[in-house]
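To start, the structure under review is shown below, and the notes come after it.
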Amino acid sequence: MRNLYIIVTLAVAIASCDPVTFISYKIENSSNEELSIYFYSSINEVQDTLVLKAKSTEFWQDVSVGADTPEKIDLNQYYDSIKVESANRVIINYTPETTGKTIYDYSYWSEHKKGKRNYEYVYEITEEDLASGAGQ
């Protein structure tokens, strides 16, 4: 009887837990240049920096969210601007107001489902983006 009580208690505890979604964010540099990406906060300080070798994909962030949380990071909430540089020269300056292809717009991210509640999002920066100064 004691074992049955423990099993029922554990089953109720596990069943009552909110499901958690795991998300990985990566940025792919398909250009021939090494890029540095700087994520600026509302006080204009660099919060994150990512260095991407040419033709590489780098991990940026892992996030786990509960059932009542939006499944994607709201970049507008955390970053005022995101700058892409090459050889100490700003090539792309993304802001929340940027139109066209922008890192702030998840329709430009590719989504890969890795499991039931496990996703990977990848944003690709191409030679064309660099040539056009996408996001400016």
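The values are calculated or read from the model by the stated rules, or taken from the named source; none is laboratory data. Keep in mind the model is a prediction, meaning the values are calculated, not measured. No Cβ is skipped: glycine too gets one built from the backbone with ideal geometry, and neighbour counts run over all protein chains shown.
Against the list (1) surrounded by 12 or more Cβ atoms within 10 Å (Cβ to Cβ); (2) part of a strand (DSSP E or B), the condition Lys101 fails is (2).
Applying a threshold of 7 Å to beta carbon distances and a minimum spacing of six or more residues, or different chains, the list of pairs starting in the stretch 107-136 at a residue that is closer than 17 Å to Val90 by Cα and touching a residue at least 24 places away in the same chain (Cβ under 8 Å) and ending at one that is of a type in the set (Lys, Arg) and surrounded by 12 or more Cβ atoms within 10 Å (Cβ to Cβ) reads Asp129/Lys101; Ala134/Lys101; Gly135/Lys101.
Taking the criterion of being farther than 30 Å from Pro19 by Cβ and modelled with pLDDT under 95, the residues of the stretch 97-125 that qualify are Glu97, Thr98, Thr99, Gly100, Lys101, Thr102.
Residue-wise test of (1) modelled with pLDDT under 90; (2) of a type outside the set (S, T, N, Q); (3) loosely packed, with under 15 Cβ neighbours inside 10 Å; (4) not in a strand (DSSP E or B).
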site	(1), (2), (3), (4)
Asn3	yes, no, yes, yes
Ala13	yes, yes, yes, yes
Tyr25	no, yes, no, no
Glu28	no, yes, no, no
Glu33	no, yes, no, yes
Tyr38	no, yes, no, no
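Within the stretch 110-136, work out how many residues are farther than 17 Å from Lys83 by Cα and crowded, with 16+ Cβ neighbours inside 10 Å. Qualifying residue count for the region: 3. Looking only at the stretch 40-50, residues that are surrounded by 12 or more Cβ atoms within 10 Å (Cβ to Cβ) and either closer than 17 Å to Asn88 by Cα or in contact with a Gly (Cβ under 8 Å, 6 or more places away or on another chain) (or both) come to 3 in all.
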